[in-house]
Structure formats: C-alpha cells, structure tokens
There are 2 protein chains.
Amino acid sequence: IEAKGRRAEDRIQALAAGLEESSSIWQEVRWVYIETPVMGVNAKALRDQAIVVGIIRSFLWRNGLDNSMVDNGTWKKGVLGNGHASKEEIAAYAQKMLKVPTDQPQDAHDAACIAAWGYNNVPQEVANV
Amino acid sequence: IEAKGRRAEDRIQALAAGLEESSSIWQEVRWVYIETPVMGVNAKALRDQAIVVGIIRSFLWRNGLDNSMVDNGTWKKGVLGNGHASKEEIAAYAQKMLKVPTDQPQDAHDAACIAAWGYNNVPQEVANV
C-alpha cells in the first residue's frame with residue numbers, strides 16, 4: 001500500500017483507508033509477524049511507526065488474522081545468525097536465499113527475512129493445522 | 001473501556017476488541033481530540049501508547065468520526081494558560097470548571113480538559129454545521 005501526502009498525518013490516514021481495501025490479499029495468510037517499532041531513532045519516528053502498527057493490528061484482529069510482534073534483533077539472529085546483521089547482509093541473504101529481486105528496497109528485503117523467521121517460528125497450534 | 005490482562009499485549013488486544021463494541025456511545029460526537037503520546041517517558045511506554053492511538057484512530061476513521069491529535073503542552077496552555085500546568089492544577093480546574101467528580105482518576109481530569117480545549121478549537125467547517 002502506497003500512501004502519499006505531504007504530512008505524516010495524511011499518509012497515515014491514507015494507509016489506514018488503503019488497508020481496509022486490501023482484504024483479498026490475505027486469503028492464505030495464517031499468521032502475521034510485525035517488526036516491533038525500533039527504539040533509538042527519534043521519538044517522533046517511533047511514535048508514527050507505532051501508530052501505524054496499531055492501525056495494522058486493528059485491521060488484522062478484525063479480520064481474524066493472528067499476529068504478533070518480533071524485535072529486529074530477534075529475527076536477524078534467527079535468520080542470519082547475527083542480531084546485528086547489516087543492511088547489506090540482510091539484502092544479500094534475501095536476494096540469494098529468499099529470491100527477492102535485487103531492485104527491491106531495503107524494507108522488502110527486511111520483510112522477506114521477517115517472513116522467513118515467522119515461517120520457522122510459527123506457534124505450534126498453527127503449525128499443526 | 002477497561003482491558004485487563006497480565007501482559008500489555010493482552011490488554012491492547014482486549015482494548016481493540018472492546019472498542020469495536022462501543023459504537024453506540026459515539027452518536028453525538030462531532031470531533032475527537034487524542035493526546036499525542038508523550039515523548040520523554042521510556043520508549044516502550046511511548047510505543048505502547050502510540051499503538052493504542054493507532055487502534056483508536058483506525059476505529060474512528062472507519063466510523064466516519066473526524067479526529068486529530070493535540071500535544072499535552074498545547075491543551076494545557078489553551079485551557080489553563082500554562083503549558084506546564086501540574087497534575088494538581090489540572091485536577092482542580094477540571095473539578096471546579098468542568099464539574100468532573102473529585103473521585104475520578106487523573107486521566108479523567110486530563111480528558112475533560114482536552115475535551116474543553118477541543119470544544120474551543122474545533123475546525124471551522126465543523127463549528128458551522
């Protein structure tokens with residue numbers, strides 16, 4: 001979902017609306033892992049990230065989609081063996097092992113690795129379905 | 001909405017579910033002001049507050065309820081004349097001027113002042129309806 005707008009406020013509202021229109025892509029989804037908003041960046045960025053996470057979780061719960069949060073250190077350690085893996089290492093892994101096209105942005109490489117982590121860490125009750 | 005649970009994670013999910021059941025109380029509402037999550041507290045508290053704000057804004061937008069954010073310094077300045085008003089000053093004002101019962105918690109006193117601020121700062125297009 002691409003949300004345009006000059007102000008973060010406008011982009012957040014557009015994203016919330018776009019998400020409601022996206023129901024068809026969730027058919028086969030069994031569990032969603034969301035990266036925990038990162039501490040250490042500035043507080044305003046953390047706040048906006050967390051508001052977006054709240055909007056997404058609201059959408060997922062209302063649509064019966066189980067979801068949980070995972071810290072970036074946890075998925076990096078689990079997938080790459082190093083909780084402090086660099087952007088370059090993540091992109092290289094995603095391209096080689098997860099077949100993410102090289103022209104994709106860093107967020108897509110991160111997301112592929114988070115999905116790979118989730119695939120290997122899905123709660124037992126889901127794995128057994 | 002009271003959401004119980006040992007973990008913040010459980011309380012947040014319960015709150016999201018409770019909000020969806022609350023539609024009947026919103027009939028007369030024209031605009032909702034939400035206090036911007038406060039910087040300066042610890043990052044985890046800020047993150048959880050902001051996730052809750054995202055869940056609430058998602059609910060409000062989906063139900064056609066206009067809403068915006070207001071910093072605590074802004075509403076304190078507007079209502080009490082002092083952007084750094086103390087908890088005691090806020091409670092005293094809310095009890096005397098806004099008739100909030102004295103047995104209410106600080107959050108209720110804050111909320112009454114935010115509502116008072118909103119009443120005096122509602123966007124022109126709403127005020128003219």
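Results, tabulated for the structure shown:
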read-out	value
Near pairs, Cβ below 9 angstrom, 6+ apart or cross-chain, from segment A:1-16 (modelled with pLDDT under 90) to any residue that is assigned to a loop (DSSP other than H, G, I, E, B)	A:I1/A:E21; A:I1/A:S22
Per-region count, segment B:17-28, residues modelled with pLDDT under 90 and part of a helix (DSSP H, G or I)	4
The one condition in (1) under 14 Å from the mean Cα position of the chain (by Cα); (2) modelled with pLDDT under 95 that B:T74 fails to fulfil	(2)
Residues of segment B:47-84 satisfying the condition of being among the small types (G, A, S) and crowded, with 20+ Cβ neighbours inside 10 Å	B:A50, B:G54, B:S58
Only one of A:A108, A:A43 that is at pLDDT 95 or above and of a type outside the set (V, I, T)	A:A108
Hits in segment B:1-43 - residues which are of a type in the set (A, V, I, L, M) and within 12 Å of another protein chain (Cβ to nearest Cβ)	B:A8, B:I12, B:A14, B:L15, B:A16, B:A17, B:L19, B:I34, B:V38, B:M39, B:V41, B:A43
Pair list, Cβ < 6 Å and 6+ apart or interchain, from segment A:44-72 residues that are at the interface with another protein chain (Cβ under 7 Å from one of its Cβ atoms) to residues that are among the basic types (K, R)	A:A50/B:R47
Which numbered condition A:D107 fails, given (1) open to solvent by 40 Å² or more (accessible area, probe 1.4 Å); (2) assigned by TED's automatic domain parsing to the domain that holds A:D10; (3) under 23 Å from B:A43 (Cα atoms)	(2)
Subset of segment A:19-46 (residues that are open to solvent by less than 30 Å² (accessible area, probe 1.4 Å) and in contact with a Lys or Arg (Cβ under 8 Å, 6 or more places away or on another chain))	A:I34, A:T36, A:P37, A:L46
A:W117 being in contact (Cβ under 8 Å) with a residue 60 or more places away in the chain, in a helix (DSSP H, G or I) and away from chain B (no Cβ under 14 Å)	yes
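The values are calculated or read from the model by the stated rules, or taken from the named source; none is laboratory data. Being a predicted model, the structure only gives us computed values, none of them experimental. Positions of Cβ are generated from backbone atoms using ideal geometry, with glycine treated the same way; all protein chains shown enter the neighbour counts. To get the accessible areas, we keep the full protein, side chains included, count just its heavy atoms, and leave off ligands, DNA and RNA. Shrake-Rupley method; radii C 1.70, N 1.55, O 1.52, S 1.80 Å.
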